[in-house]
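Colleague: Next up is a structure, given as structure tokens.
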2 protein chains.
Amino acid sequence: MALIVHKYGGTSMGSTERIRNVAKRVAKWHRAGHQMVVVPSAMSGETNRLLGLAKELAPAKASAAYERELDMLASTGEQASSALLAIALQAEGLDSVSYAGWQVPIRTNNAYTKARIESIDDTRVRADLSAGKVVIVTGFQGMDEQGNITTLGRGGSDTSAVAVAAAMKAQECLIYTDVDGVYTTDPRVVPEARRLKTVSFEEMLEMASLGSKVLQIRSVEFAGKYRVPLRVLSSFTPWDMDIVQEATSGTLITFEEDEHMEQAVVSGIAFNRDEAKIALRGVPDKPGIAYQILGAVAQANIDVDMIIQNVSKDGRTDFSFTVNRGDYAKAMDLLRNDVMKGLGVEDIVGDTKICKVSIVGIGMRSHVGIASKMFRALSEEGINIQMISTSEIKTSVVIDEKYIELAVRSLHKAFDLDQPPVAA
Amino acid sequence: MALIVHKYGGTSMGSTERIRNVAKRVAKWHRAGHQMVVVPSAMSGETNRLLGLAKELAPAKASAAYERELDMLASTGEQASSALLAIALQAEGLDSVSYAGWQVPIRTNNAYTKARIESIDDTRVRADLSAGKVVIVTGFQGMDEQGNITTLGRGGSDTSAVAVAAAMKAQECLIYTDVDGVYTTDPRVVPEARRLKTVSFEEMLEMASLGSKVLQIRSVEFAGKYRVPLRVLSSFTPWDMDIVQEATSGTLITFEEDEHMEQAVVSGIAFNRDEAKIALRGVPDKPGIAYQILGAVAQANIDVDMIIQNVSKDGRTDFSFTVNRGDYAKAMDLLRNDVMKGLGVEDIVGDTKICKVSIVGIGMRSHVGIASKMFRALSEEGINIQMISTSEIKTSVVIDEKYIELAVRSLHKAFDLDQPPVAA
């Protein structure tokens with residue numbers, strides 16, 4: 001008898017009919033002898049509905065007090081769907097109980113709307129499991145030291161599920177979603193995209209941070225830190241499918257490299273249309289300049305992604321970085337009004353019509369020439385590369401947005417991702 | 001500077017526009033120098049929406065485990081509206097914070113869906129008030145000893161507000177609703193119905209229990225027990241109306257008889273269409289018979305309202321009572337199948353087409369002949385009385401449902417309720 005954590009996304013919980021299917025699936029696992037903890041998201045659309053109401057009423061200036069109330073508000077979506085799932089399980093004849101984050105409790109810091117889990121007390125949940133109950137734990141939320149409700153940010157239910165699995169040393173955490181696994185790239189862009197049976201934790205981390213929306217990045221970090229076996233699979237298979245078949249479907253995120261059966265050099269192509277590029281030209285090349293530029297940006301709560309500084313020439317250098325497209329106007333204003341003149345920067349230009357395309361693969365560690373193969377493939381299509389950034393297991397380039405599909409397709413082909421890899 | 005509790009019903013919280021108006025009204029009271037605690041209901045329709053989802057999924061047999069989940073679910077409506085009101089107050093430039101029942105905490109017993117408040121710890125709320133904040137406390141809910149969320153039953157937010165006002169020794173608890181006070185009877189039935197400026201606690205208690213839906217009966221009991229000055233008034237007056245005028249509008253529920261300025265003998269006419277009548281004929285008249293009949297009914301969780309037993313004749317008696325119309329079929333089945341034969345009852349008949357009409361007035365204590373005046377008025381209209389029940393300050397009759405409007409109108413006129421009473 002193993003302890004298994006299931007997580008169901010908002011689409012899987014989107015109607016009472018779907019909740020009933022989730023209950024039937026969970027009941028099947030329970031009857032197969034497993035101890036089951038289930039973490040549901042809010043019913044699809046509910047979080048947006050609630051935050052939409054808040055937006056209509058929002059104060060002119062955001063504050064911690066305001067964000068505290070956003071968390072009070074948004075956390076109700078998961079509390080409601082959790083209670084509904086417990087009811088659906090009771091209708092299946094099972095004992096079931098739901099707990100809000102504060103009831104477990106799941107303790108977090110007090111960074112409202114993007115809190116981090118600090119600890120989970122599993123005493124109550126474990127007692128219920130021993131009594132034969134299916135336990136539902138609300139996703140997305142926790143409680144800070146002062147007893148305020150906090151939420152973990154968009155996609156936070158993934159993190160809740162992984163954190164619960166880690167705290168309880170679950171045998172596996174299954175993330176049921178509306179896709180059937182992790183693909184070599186987005187199948188809407190490349191129809192030949194192939195589902196990966198396994199992907200390494202580090203690759204998944206890069207893919208999540210590079211814009212693949214299958215899993216919240218923090219959940220992957222958590223899984224890595226506590227080595228939680230994580231599987232992404234579809235909730236739209238028939239609930240009564242063979243349980244062994246179901247338990248081996250989707251994509252498994254692995255931690256041991258020798259477990260990683262598919263020895264492709266590049267495992268996937270990730271891309272992100274949500275970025276904008278800002279370049280400062282003729283920046284005086286003196287110590288502390290990067291801090292003076294990016295410190296101001298960070299203080300305005302704007303996340304910076306890629307950062308490139310060119311080799312200096314005549315005591316001046318070019319300095320470029322990318323930000324989330326939604327922060328672009330704010331960042332440009334800030335730089336133009338507060339930063340540029342004080343630093344003696346010659347010019348500042350920006351571009352929102354860019355995208356980032358990345359190749360990711362744990363095999364890149366031990367293979368040379370992978371980046372240049374990428375650059376050649378793009379050059380053969382006449383695609384100009386504007387920025388380059390590399391890490392041990394990924395290479396990212398910024399290109400003109402209009403080439404995104406072409407770039408992803410040609411890279412997918414260049415690295416033979418439409419073919420199953422040869423077993424090592 | 002006084003501590004004031006405001007309670008706003010679901011209609012008053014029904015949209016962001018209305019929530020904004022509530023915030024403006026509360027801000028006005030705060031700026032006038034009052035410490036403000038506000039208890040909102042869920043946005044209108046929300047509780048029904050949530051319980052509707054639960055009903056679609058409900059197990060065949062209700063249980064405490066199921067009702068626990070109903071409370072988890074339904075309590076989210078008030079948590080969401082409370083957070084929204086706090087946000088709206090912040091938008092008005094005020095410091096504001098919302099607390100769920102468990103955060104206050106408001107402690108209750110564990111009777112899910114109809115819990116009773118046992119204690120309120122006001123430490124946290126009082127500290128916030130001292131810091132100049134407007135505190136929002138979710139209505140309708142609390143927490144039991146084991147940390148489960150409980151709800152107080154339909155209309156429970158009234159009780160939350162009165163309980164908070166009692167615990168904090170508030171100067172007054174103002175119940176803002178979609179009517180502008182307590183009327184001599186329902187103005188939809190009698191256009192001449194007059195708003196009462198004051199009504200005694202005991203009269204209000206009778207009216208609430210007799211089907212007047214202005215206040216939840218338990219909130220009136222609570223107000224009586226802790227002598228909380230309670231005022232019912234409209235939330236649909238302009239939010240910026242003169243505050244002194246607003247503070248004296250509506251209907252005040254009083255506790256001192258000498259405060260009770262309107263010395264009418266009868267203060268109001270209540271009526272209730274939700275009942276059904278059951279009569280057992282030829283019941284052997286021996287000790288324990290009432291218990292044997294009503295014990296079985298109570299065990300099936302059916303509430304009994306009026307109970308009449310006639311004088312015995314030839315060792316047999318007639319025994320009648322009324323139940324909620326929704327329980328009628330269940331009660332009849334139970335009596336026919338389990339009770340009737342064992343007791344040797346001759347016949348059992350029922351009628352769902354009845355209604356109960358009551359006159360209520362604290363002055364009935366010291367005036368004789370009030371009941372006979374009621375019976376005469378009904379008889380003059382040719383209305384047959386089927387059952388009669390009296391208490392110190394009310395007389396109720398059961399009549400054919402089709403006469404309800406006629407009965408209420410004629411009683412309203414017979415007791416001069418359309419005329420302001422002469423001051424004592």
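Colleague: On the rotation axis linking copies A and B, which residue of A comes nearest by its Cβ, and by how many whole Å?
Modeller: A:THR76, 2
Colleague: Separate question: For segment A:101-208, evaluate the Debye formula with one uniform point scatterer on each Cα (no solvent term) and list log10 I(q)/I(0) at q = 0.11, 0.12, 0.18, 0.21 Å⁻¹, rounded to two decimals.
Modeller: The Cα Debye sum returns log10 ratios of -0.45, -0.52, -0.95, -1.11.
Colleague: Shortest first, in nm, what separates the label point of B:ASN109 from those of the same position in the other copies (7 Å along Cα→Cβ)?
Modeller: In ascending order, 4.5 nm.
Colleague: Then there is this: Evaluate the relative contact order of chain B (contact order divided by residue number), counting alpha-carbon pairs under 8 angstrom at least 6 apart; express in whole percent.
Modeller: This gives 14 percent for chain B.
Colleague: Kindly give the distances from A:ASP178 to its copy-mates, label point to label point, with each label point 7 Å from Cα along Cα→Cβ, as nm values to one decimal ordered shortest first.
Modeller: Sorted ascending, the copy-to-copy spacings read 3.5 nm.
Colleague: Now a separate question. Given the peptides B:356-368, A:66-78, arrange them by the average over their residues of other C-beta atoms within 10 Å, most packed first.
Modeller: My ranking of the peptides, most packed first, is A:66-78, B:356-368.
Colleague: Using the crude model of +1 on Lys and Arg Cβ and -1 on Asp and Glu Cβ, and no other charge, please compute the dipole size for segment A:263-418 relative to its Cα centre, in debye to 20.
Modeller: The calculated dipole for segment A:263-418 is roughly 160 debye.
Colleague: Here is a follow-up. Quantify how strongly other chains surround peptide A:96-107 by giving the mean number of their Cβ atoms within 10 Å of each of its Cβ atoms.
Modeller: If you average over the peptide's residues, the count of other-chain Cβ atoms is 3.
Colleague: Next up: Given the C-alpha centroids of segment A:156-230 and segment A:39-67, what is the distance between them in whole angstrom?
Modeller: 26 Å
Colleague: Another question about this same structure. Using square roots of five times the C-alpha gyration tensor eigenvalues, list the equivalent-ellipsoid semi-axes of segment A:1-103 in whole Å, biggest first.
Modeller: Calculated on Cα positions only, the semi-axes equal 32, 14, 10 Å.
Colleague: Could you name the aspartates and glutamates whose alpha carbon sits less than 15 Å from that of A:LYS169, not counting residues in the same chain fewer than 8 places away?
Modeller: A:ASP121, A:ASP122
Colleague: Hey, can you grab everything whose amide H is under 5 Å from the amide H of A:SER200? Only 5+ residues off in sequence or another chain; H modelled, so Pro and N-termini drop out.
Modeller: Amide H to amide H, under 5 Å and 5 or more residues apart or across chains, A:SER200 pairs with A:THR254.
Colleague: Just checking the output field for A:82-95: average partner chain Cβ neighbours within 10 Å of each residue's Cβ?
Modeller: Neighbouring Cβ atoms belonging to other protein chains average 6 per residue here.
Colleague: Obtain the radius of gyration and the Kirkwood radius of segment B:3-262 from its C-alpha atoms and give Rg over Rh.
Modeller: 0.96
Colleague: Another question, then. Please list log₁₀ I(q)/I(0) at q = 0.11, 0.16 Å⁻¹ for segment A:263-418, using the Debye equation with identical point scatterers on the alpha-carbon positions.
Modeller: Results for segment A:263-418 at q = 0.11, 0.16 Å⁻¹ read -0.48, -0.90.
Colleague: With unit charges on the beta carbon (Lys/Arg positive, Asp/Glu negative), name the residue among A:ILE348, A:VAL408, A:GLN419 whose Cα is farthest towards the positive pole of the charge dipole of segment A:272-419.
Modeller: Selected residue: A:GLN419.
Colleague: With a Förster radius of 60 Å, plug the Cβ-Cβ distance of B:GLU405 and B:ASP314 into 1/(1 + (r/R0)^6) and report the FRET value to the nearest 0.05.
Modeller: E between B:GLU405 and B:ASP314, to the nearest 0.05, is 0.90.
Colleague: From the Cα trace of segment B:163-209, what convex hull volume per residue do you get, rounded to a whole Å³?
Modeller: So the per-residue Cα hull volume is 105 Å³.
Colleague: Okay, next question. Please give me the summed charge of the neighbours of A:GLN171: other residues whose Cβ is under 13 Å from its Cβ, Lys and Arg +1, Asp and Glu -1.
Modeller: Net charge around A:GLN171: +2.
Colleague: I need the inter-copy label distances for A:LYS225: point set 7 Å along Cα to C-beta, values in nm with one decimal, smallest first.
Modeller: 4.7
Colleague: Taking Cα centroids, how far is segment A:310-365 from segment B:377-424 in Å?
Modeller: Taking the Cα centre of each part, segment A:310-365 and segment B:377-424 sit 82 Å apart.
Colleague: From the residues B:ALA65, B:GLY155, B:ALA170, which one has its Cα farthest along the dipole of segment B:3-262 in the positive direction, the dipole being from +1 and -1 charges on Cβ of Lys/Arg and Asp/Glu about the Cα centre?
Modeller: Most positive-ward Cα: B:ALA65.
Colleague: Using 1/(1 + (r/R0)^6) with R0 = 56 angstrom and r between the beta carbons of B:ILE388 and B:ASP95, what's the FRET efficiency to the nearest 0.05?
Modeller: In this case the efficiency is close to 0.50.
Colleague: Using r as the Cβ-Cβ distance of B:ALA329 and B:LEU294, and R0 as 30 Å, what FRET efficiency do you calculate, to the nearest 0.05?
Modeller: 0.95
Colleague: Which listed residue (A:SER15, A:PHE375, A:TRP239) has the Cα farthest towards the positive end of the charge dipole for chain A, taking +1 on Lys and Arg C-beta and -1 on Asp and Glu C-beta about the Cα centre?
Modeller: A:SER15
Colleague: Would you work out the charge dipole size for segment A:84-192 about its Cα centre, treating the Cβ of every Lys and Arg as +1 and the Cβ of every Asp and Glu as -1, and quote it to the nearest 20 debye?
Modeller: The calculated dipole for segment A:84-192 is roughly 280 debye.
Colleague: From the helices alone, meaning DSSP H stretches of at least four residues, give me the mean residue ellipticity at 222 nm for chain A, per-run term -39500 (n - 2.57), in deg cm²/dmol to the nearest 500.
Modeller: Value at 222 nm, helices only: -10500 deg cm²/dmol.
Colleague: Then there is this: Pairs on different chains or at least eight residues apart, Cα atoms closer than 23 Å: how many lysine pairs in segment A:263-418 fit?
Modeller: Final tally of qualifying lysine pairs is 26.
Colleague: At 0.36 nm per residue, minus the direct Cα-Cα distance, what do B:ARG116 and B:ARG336 gain on full extension? Give it in nm, one decimal, please.
Modeller: 75.8 nm
Colleague: Looking only at other chains, what is the average number of their beta-carbon atoms within 10 angstrom of each beta-carbon in A:66-77?
Modeller: Partner Cβ neighbours, averaged per residue: 6.
Colleague: Evaluate the charge dipole of the protein assembly as shown about its Cα centre and quote only its size in Debye, nearest 20, assuming +1 on the Cβ of each Lys and Arg and -1 on the Cβ of each Asp and Glu.
Modeller: 180 debye
Colleague: So for the protein assembly as shown, Kirkwood radius off the Cα pairs, Stokes-Einstein at 37 °C and 0.692 mPa s: how many µm² s⁻¹?
Modeller: 105 µm²/s
Colleague: Go through A:101-113, B:327-339, B:150-162, A:138-150 and give me the packing order, highest mean Cβ count within 10 Å leading.
Modeller: Packing proxy ranking, top to bottom: B:150-162, A:138-150, A:101-113, B:327-339.
Colleague: Nearest 5 percent is fine: what portion of the DSSP beta bridges confined to chain B is antiparallel?
Modeller: Bridges in chain B are about 65 percent antiparallel.
Read-outs: derived from the displayed coordinates by stated rules, not from any lab. Small disclaimer: the values here were computed from a predicted structure and weren't measured. Every residue, glycine as well, gets a Cβ built from its backbone with ideal geometry; the counts of neighbours run over all protein chains shown.
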